[in-house]
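Reading through the C-alpha cells given below for one structure.
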C-alpha cells in the first residue's frame, strides 16, 4: 500500500476507533484481549495499555526481549504527545522525507515513529491514553492493535485493516 493510502486509512482508523467511555477495567480487557490474540498466534510481543501516566496493563510474552519495553515507551510517548498513532506519524515523516528530530527536535531516545502504538480516544473527551505492542515488524504491530480495538468496539476489521 502506498504511503498516501496508508495515511488515509490510518486517519479512518483513528476516527472510527473511539470509545464512548474507557476505564481501568476496559484497559485490562484490552490488554488481556491483545495477550490472548498474541498467545494464540505465537507472537513474541510486549503489550502495554496506559491511561496517560498511569500504567493499566503490561505483559511481555515469550519471544519478546528487554528491548521491547524501550520501544513501547518511545512509541507511547509519541502517541501521548501528538494524539495520533505512531505509525501514522512515521508514515507522514517518511512521506516528507524527514525525521522526528529534524522536524520537531525530538530525540530518538525518547520518541519512536514506528508502528504499534495507538491513541485510546473517548468521544467528547479526546485521547486519554495509548495502547502499544512491540515485537513484530511495525506494520504488524499496528495491525494487531487496530484489530484488538475493532474487536472491543464490535467493528469489522476487514474495513479498517491495512493491507
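Each value in this text was obtained by applying a stated rule to the coordinates, not by laboratory testing. Everything numeric in this text was worked out from a predicted model, so none of it was measured. When we count neighbours, we look across all protein chains shown, and the Cβ atoms used for this are built from the backbone with ideal geometry, even at glycine.
For the stretch 130-143, a residue qualifies if it is more than 20 Å from residue 95 (Cβ to Cβ) and outside any loop (DSSP other than H, G, I, E, B), and the qualifying residues are 130, 131, 132, 133, 134, 140. Residues in the stretch 130-145 that are surrounded by 17 or more Cβ atoms within 10 Å (Cβ to Cβ) and either more than 12 Å from residue 86 (Cβ to Cβ) or out of contact with any helix residue (DSSP H, G or I) (no Cβ under 9 Å at 6 or more places or on another chain) (or both): 135, 136, 143, 144. Residues that are over 18 Å from residue 51 (Cα atoms), touching a residue at least 24 places away in the same chain (Cβ under 8 Å) and assigned to a helix (DSSP H, G or I) within the stretch 144-163 comprise 144, 147, 150, 151, listed in sequence order.
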